[in-house]
Amino acid sequence: MKLSFSAEDEQFRGEIATWLEQNLCGEFEQLRGRGGPGDEHMYPDERKAWERKLAEGGWTCIGWPQEYGGRGASIEQQVVFHEEYARAGGPGRMGHIGEGLTGPTLIAFGSEEQKQRFLPGILAGTEFWCQGYSEPSAGSDLANVKTKAHFDETAGQWLINGQKVWTSNAHESEYCFVIARTDPESVGHKGLGFFLLAMDQPGIDVRPIEQLTGTSEFNEVFFDDAHCSAQDIVGAPGEGWKVAMGLLGFERGVSTLGQQMLFQNELDEIIRVAKLNGAATDPVIRQRIADAHVGLRIMRFNSMRTLSGGGDDGTLQKEAMIYKLYWSTWHRNLGKLAMDVLGPESEVLEAGPYELNRLQSMYLFTRADTIYGGTNQIQRNIIAERALGMPREPRG
Amino acid sequence: MDFTFTEEQLMIRDTAEAFLAEVSTSAAVRAAMATELGYDAELWQKICDEMFWQAIHIPEEYGGMGLGYVELVAMLEQMGRYLLCSPFYSTVCLGVNSLLIAGTPEQKAEYLPRIIEGATATLAYTGSNGRWDAEAVTATYVRSGDEYVLNGSWRYVPDGHSAQLLVVAAREEGSSGTSGITLFIVPADSQGITREWLPTMDQTRKQAQIVMADAVMAPESVMNEPGNAWQLLERIIGLATVAVAAEQVGGAQQALDITVAYTQERVQFGRVIAGYQAIKHKAADMMVKVEAGRSAAYYAACVADETLRGGSLASELGDAASVAKAWCSDAFFFNAGCGIQLHGGVGFTWEYDIQLYFKRAKSSETFLGTGAWHRDSIAASLLD
Ligand SMILES: Cc1cc2nc3c(=O)[nH]c(=O)nc-3n(C[C@H](O)[C@H](O)[C@H](O)COP(=O)(O)OP(=O)(O)OC[C@H]3O[C@@H](n4cnc5c(N)ncnc54)[C@H](O)[C@@H]3O)c2cc1C
């Protein structure tokens, strides 16, 4: 076991840290620490400008292969990048869906023409993407999508009809990848297609959904004969599920250590408040703060095992499977702890009508952590079935 | 960065697992735990002669294998998994660690080779006040010339009734807290020492009470830093704590595995109970507990290794040991408790092994501090 990064990785760390120090300033200074989970509605235009700045420095898509404009950075280097980015207070990445999901999907499954057309805009920080998976009747049961794709022979293009929901940043995006049914008779994961749609067209209507935070980061998206050109389907009609699932597999955990740095900032803030307002003398609060510390340390060790690749016997990555359930549960508990440390002051807003302070916003947003990206219940099903070999859920 | 076992470490773990699966069967554990000694002396000698486990992290200059704490932890995990009844924990994780941290060169040269030959050892520092910090040391000494005269008692001493060598902590009469503490190493049959086996709920790990009445310690018995040994003892306790956490990971894993296996066979309402979501989700939670515990124990093992060999992680020992012990204690108890529940009525019988894990979970949780105890100490470092 070796717990430190190599000298080259440390040099890389210095490089990114220096670049951030020299560039995350001036007009971008106000973005430090902003736009993360729960704060995503803040400064969208400024954060897009920041994406272009990152791109100029060659700091977008660093994990992509060099032939597609990335740096071909190793897993370790990507981890280091995310750590330094978080340490510097880099703003929430507007480009993360394109960089983390669309790009790797196109590189793996896309046509040469699709790569040529879509990858440069993601790299340059000029084109943003959203994820059109969930629908009113397809949440945890994602394969139950009803949105339909019909190939219009005369026009030579696909027509999309239906509705997506909970689509984060749809209102800020140039493109959306959409799973839709190419075979109207099909059910479940057969007969689906994976489409790349331009958002700016008459057939698409984006309506914001107000979240319990009072802000709107996600949307309903309605498709009424929305156009998608014949070459903008990834994989063949009917193979959409394979592409959609492949996409979900690209999360390699490289951003987890960076994410944990943000969690550490939150915990530090809670500790600061507890010392200030006397909560730090309450024995129950003390136990809970220590428990949060224990949980966060172990989250880091879990990530280190995952990033080191494979279970210790080289088989199934059990520690990777527990990650989502582990961090979301930890973070949800932290949100509650933050409010309990604040005491009665936790109720009082920053300002009316509904301006939350940082801890309040974190607290409320943690209730989404255990839902999006596969709910805690779905995570438990996956762990029980894939890691422990228990019987699969009966399906209706 | 490579937070995985090396080929060699994997081999050590796999060899330990294969050996233990053969010798530490349910029947063997039950036979050993029913005795006052608590282990099969022949098996222990075989472990010492053939497996050489007792020598694992003793430096080569004393005839040991000179391996590190990660290797030790890899083995301890398997011992916890198979509930091995042996004086390994007391001898290696308490005795050897005490000598490595606090032994004088002469003491190391004298006692480490004896341990390699199969001598057993333990550490006694806790009195009856149920604490695990410096306040736990209640036995006292007065100096008389070169010698020290000890009076007092120690409780909850692992294998204290059978160990051949004792490392004991006592404090100068009138001292308190972290000051005035001295460590001694003596043969257990020395004059003035009486030892009594304490029958325990967890029969797989024996405990004893040790009493000294005017026991005279010669100068050769005095370990490093007399009168000021708390910082050494604290490090020994840290290392021993990491070792318990490693055993707990193995126990928590086995509690999960035997439980899942049982639910895959037991049929109710026309199907195996493993198919019910209430059972699957509980099993998933158990897996999260044990995998997280494993990460914590392995990290703590790296820290412990640098504590013994030198390295920048050494300064993290207190935190890493507490993080691991807090989590693994709660995880093992959770898994064993859920294990009984998911077994139904048979989980409540003497016959099924899950009860053995349930009892070990509790005894190992208490020993060297519960989760709450360790969280308290973490809270002090974060908040005070
Ligand atoms: C903040 C936020 C952002 C999001 N962003 C996007 C986005 O950008 N793009 C996108 O496509 N989607 C997005 N989502 C949607 C998200 O992926 C879904 O909400 C999630 O998959 C759950 O689906 P659902 O909301 O329909 O809940 P349901 O599936 O209806 O679940 C309701 C409850 O039933 C439980 N449940 C369901 N099935 C089972 C089962 N088999 N066993 C046990 N329990 C079960 C669930 O755990 C949950 O507790 C976002 C969601 C949130 C909250």
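Since every read-out is calculated from the coordinates, none of them should be taken as a lab result. These numbers come from a predicted model, not from an experiment. So basically every Cβ, Gly included, is an ideal-geometry build from the backbone, and we count neighbours across all protein chains shown.
For region A:183-208 and region B:66-85, write down the distance between their C-alpha centroids in whole Å.
55
Grab the other residues whose beta carbon is less than 14 angstrom from that of B:T104, score K and R as +1, D and E as -1, and report the net.
Summing Lys and Arg as +1 and Asp and Glu as -1 gives -3.
For the protein assembly as shown, report the translational diffusion coefficient in µm²/s to the nearest whole number, using Stokes-Einstein at 25 °C, 0.890 mPa s, and a Kirkwood Rh over Cα pairs.
85
Debye calculation, C-alpha points only, no solvent: report log10 I(q)/I(0) for region A:129-238 at q = 0.24 Å⁻¹, in the same order as the q values.
-1.37
Given B:I185, B:S144, B:V222, which one lies farthest toward the positive end of the charge dipole of region B:122-223, if we put +1 on the Cβ of every Lys and Arg and -1 on the Cβ of every Asp and Glu?
Projecting each Cα onto the dipole axis, the largest value belongs to B:I185.
Along the charge dipole of the protein assembly as shown, pointing to its positive end and built from +1/-1 on Cβ of Lys, Arg, Asp and Glu, which listed residue (B:A314, B:W373, B:T120) has its Cα farthest out?
B:W373
Can you give the Rg and Dmax of region A:228-277 based on its C-alpha atoms, in angstrom?
Looking at region A:228-277, its Cα Rg and Dmax stand at 21.1, 62 Å.
For region B:233-384, build the charge dipole from Cβ charges (+1 Lys, Arg; -1 Asp, Glu) around the Cα centre, then report which of B:V244, B:A304, B:G275 sits farthest towards its positive end.
Result: B:G275, furthest along the dipole toward the positive end.
Less than 13 Å Cβ to Cβ from B:F358, Lys/Arg counted +1 and Asp/Glu -1: what total charge do the surrounding residues give?
Once positives and negatives cancel, what remains is 0.
B:A109 to B:F348: FRET efficiency via 1/(1 + (r/R0)^6), r the Cβ-Cβ distance, R0 56 Å, to the nearest 0.05?
0.60
Could you please state, rounded to a whole Å, how far the C-alpha centre of region A:228-273 is from the C-alpha centre of region B:131-206?
One Cα centre to the other: 56 Å.
Quick one: if you stick a label point 7 Å off each Cα along the C-beta vector at A:S140 and A:E15, how many nm between them?
With each label point 7 Å from Cα toward Cβ, the separation is 4.5 nm.
Please list the radius of gyration and Dmax for region A:239-395, considering alpha-carbon atoms only, with Å as the unit.
18.3, 59
Which whole-number percent gives the relative contact order of region B:141-226, counting Cα pairs below 8 Å spaced six or more residues apart?
Worked out over region B:141-226, it gives 40 percent.
Summarise the partner chain shielding of A:318-325 as one whole number: the mean count of Cβ atoms from other chains within 10 Å of each residue's Cβ.
4
In square nanometres, what is one fourth of the surface area of the convex hull spanned by the alpha carbons of region B:212-356?
Here the figure is 12.5 nm², rounded to one decimal.
How crowded by other chains is B:294-305, given as the mean number of beta carbons from other chains within 10 Å of each beta carbon?
Mean number of neighbouring Cβ atoms from other chains: 4.
Helix-only estimate, please: 222 nm mean residue ellipticity of chain B, summing -39500 (n - 2.57) across DSSP H runs of length 4 or more and dividing by its residues, to the nearest 500.
Using -39500 (n - 2.57) per qualifying helix, the result is -16000 deg cm²/dmol.
For region B:7-119, just say rounded, prolate or oblate: build the C-alpha gyration tensor, square-root its eigenvalues into a ≥ b ≥ c, call rounded for a/c under 1.5, and beyond that prolate if a/b exceeds b/c, oblate if not.
oblate
Over chain A, what is the relative contact order in whole percent, taking alpha-carbon pairs under 8 Å and six or more residues apart?
13
Take the alpha carbon atoms of region A:154-182, find their center, do the same for region B:220-236, and report the distance between the two centers in whole angstrom.
Their Cα centres are 71 Å away from one another.
Charges only on Cβ, +1 for Lys and Arg, -1 for Asp and Glu: so what's the dipole of the protein assembly as shown about the Cα centre, in debye to the nearest 20?
1680
Let me know the mean shielding of A:383-395 by other chains, meaning the per-residue number of their Cβ atoms within 10 Å of its Cβ.
Average neighbour count from other chains, rounded to a whole number: 6.
Using packing as a proxy for protection, rank B:207-220, A:17-30 so that the peptide with the highest average count of other Cβ atoms within 10 Å comes first.
Per-residue mean Cβ counts within 10 Å order the peptides as B:207-220, A:17-30.
How large is log10 I(q)/I(0) at q = 0.20, 0.25 Å⁻¹ when the Debye formula is applied to the Cα atoms of region B:122-223, each weighted equally and without solvent?
-0.95, -1.42
Could you grab the relative contact order for chain B? Cα pairs under 8 Å, six or more apart, rounded to a whole percent.
Answer for chain B is 15 percent.
Shape verdict for region B:40-81, please, from the Cα gyration tensor: rounded (a/c under 1.5), prolate (a/b greater than b/c) or oblate.
oblate
Please report the net charge: other residues with Cβ closer than 14 Å to the Cβ of A:T60, K and R +1, D and E -1.
+2
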